[in-house]
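**Q** So that we are looking at the same thing, I have put the structure below in structure tokens.
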Amino acid sequence: MPDLSVIRKRADFLAANRGLRVARPGFVLLARPNGGQGKRFGITVTKKIGNAVVRNRMKRRFRELLRAALPAAGLSSG
């Protein structure tokens with residue numbers, strides 16, 4: 001999927017932090033229109049969740065959920 005990519009740079013995470021913020025128990029969703037650069041996502045998991053094995057498992061699960069949901073229900077690029 002070419003229009004679905006992963007955010008890896010700190011500057012991109014900081015830019016997302018300036019957008020829409022929805023806090024839920026267990027995670028915080030950050031969303032921000034990016035001017036038509038496609039749908040991108042990034043995942044961070046705090047050490048409160050558990051050790052590295054648990055955090056990596058959570059990230060893998062979130063990645064699969066996002067790959068299934070974002071192509072159909074991502075934000076518009078406006």
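**Q** What whole-number value in cubic angstrom gives the convex hull volume per residue for the C-alpha atoms of region 4-73? Present the calculation step by step, with values, prior to reporting the outcome.
**A** Values: hull volume 7.1 nm³, N = 70.
In region 4-73, the Cα convex hull volume per residue is 101 Å³.
**Q** Please give the helix 52-73 orientation as an angle from the longest Cα principal axis of the chain, in degrees from 0 to 90, rounded to the nearest 10.
**A** Helix 52-73 and the main axis of the chain meet at about 30 degrees.
**Q** By a straight-distance test (C-alpha under 21 Å), which lysines pair with K47 as possible cross-link partners, with residues fewer than eight away in the same chain excluded?
**A** K9, K59
FYI, it's all coordinate maths here, none of it is from the lab. Keep in mind it's a predicted model, so treat the numbers as computed, not measured.
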